[in-house]
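Right, one structure below, let's go through it.
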Amino acid sequence: MAQADSRNEVAERIGYITRVQSFSACHRLHSPTLSDEVNKRIFGKCNNPNGHGHNYKELLFVHLQIDRHTGMVMNITDLKQHIEEVIMVPLDHKNLDKDVPYFANVVSTTENVAVYIWDNMVKQLPANLLYEVKIHETDKNIVVYRGE
């Protein structure tokens with residue numbers, strides 16, 4: 001509960017915003033450091049040489065004090081623009097392994113997609129604003145990354 005300060009004002013409160021964004025991309029789960037046989041055993045059908053695709057649903061969580069003057073944690077329009085630049089332009093309707101330089105030497109698992117989004121989003125947002133990146137690869141497979 002928020003504490004009152006000496007002027008009988010309510011202390012700053014922390015707000016959380018979640019922005020949901022969907023993007024489509026294809027990839028192949030394949031590690032160049034492993035043999036073809038080991039890749040097939042570990043990644044199964046996701047190691048198909050022709051790749052496979054997903055309709056990812058990404059949830060971006062930000063948190064900060066609610067501004068006394070604007071009543072916002074951050075302007076949603078600004079957040080949408082950052083998501084466009086960090087997620088939609090580089091990832092949507094792309095082959096992650098071939099079109100995104102980051103994945104040239106990094107296996108394009110959903111865990112690593114979450115790390116990629118986090119690492120690029122923290123460069124765009126004010127310090128300590130990003131709280132969590134959550135990606136639904138499928139209805140049953142969900143990855144959460146908090147920069148740890």
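Some notes on this structure:
- Listed residues K80, K94, K45, most fluctuating in the chain (Gaussian network, C-alpha, under 10 Å): K45
- Overall form of the stretch 90-148 per C-alpha gyration tensor (a/c, 1.5; a/b vs b/c): oblate
- Among residues other than E85 with Cβ under 12 Å from its Cβ, the summed charge is -1 (Lys and Arg +1, Asp and Glu -1).
- Set against the labelled values (i) 1.13; (ii) 0.97; (iii) 1.29, Cα Rg over 2.2 N^0.38 Å computed from this structure falls on (iii).
- Taking all protein chains together, S22, S108 sort by accessible area into S22, S108, largest first [probe 1.4 Å].
- Full-extension gain in nm, K80 to L34, via 0.36 nm per residue minus C-alpha separation: 12.7 nm
- Accessible area per residue for the chain is 62 Å², calculated with a 1.4 Å probe on protein heavy atoms, without ligands, DNA or RNA.
- Between M72 and D92, the FRET efficiency estimated from the beta carbon spacing at R0 = 30 angstrom works out to 0.65.
- Top of T70, T109, T18 by mean-square fluctuation, Gaussian network on the chain, Cα under 10 Å: T70
- For the set D36, D119, D139, the ranking by accessible area, highest first and with no ligand, DNA or RNA atoms included, is D139, D36, D119 under a 1.4 Å probe.
- Here the contact order of the chain, divided by its residue count and restricted to Cα pairs under 8 Å and six or more residues apart, works out to 27 percent.
- Amide H within-cut-off set for K94, under 5 Å, with H built and near neighbours excluded: C26
- Coupling constants for the stretch 84-90 follow from the phi torsions by the Karplus curve (6.51 cos²θ - 1.76 cosθ + 1.60, θ = phi - 60°), and in residue order they are 4, 6, 8, 10, 5, 5, x Hz; glycine and proline get x.
- Near F61, once Lys and Arg are set to +1 and Asp and Glu to -1 for all other residues with Cβ below 13 Å from its Cβ, the sum equals +1.
- Label-to-label distance, N128 versus V106, with points set 7 angstrom from Cα along the beta-carbon direction: 2.5 nm.
- Cβ-based net charge around V115, under 15 Å, with every Lys or Arg adding one and every Asp or Glu removing one: -3
The values are calculated or read from the model by the stated rules, or taken from the named source; none is laboratory data. These figures come from a predicted structure and were not determined experimentally. All Cβ positions, glycine included, derive from the backbone under ideal geometry; neighbour counts span all protein chains shown. Just so you know, the surface numbers come from the protein's heavy atoms only, side chains and all, with ligands and any DNA or RNA stripped out. Shrake-Rupley method; radii C 1.70, N 1.55, O 1.52, S 1.80 Å.
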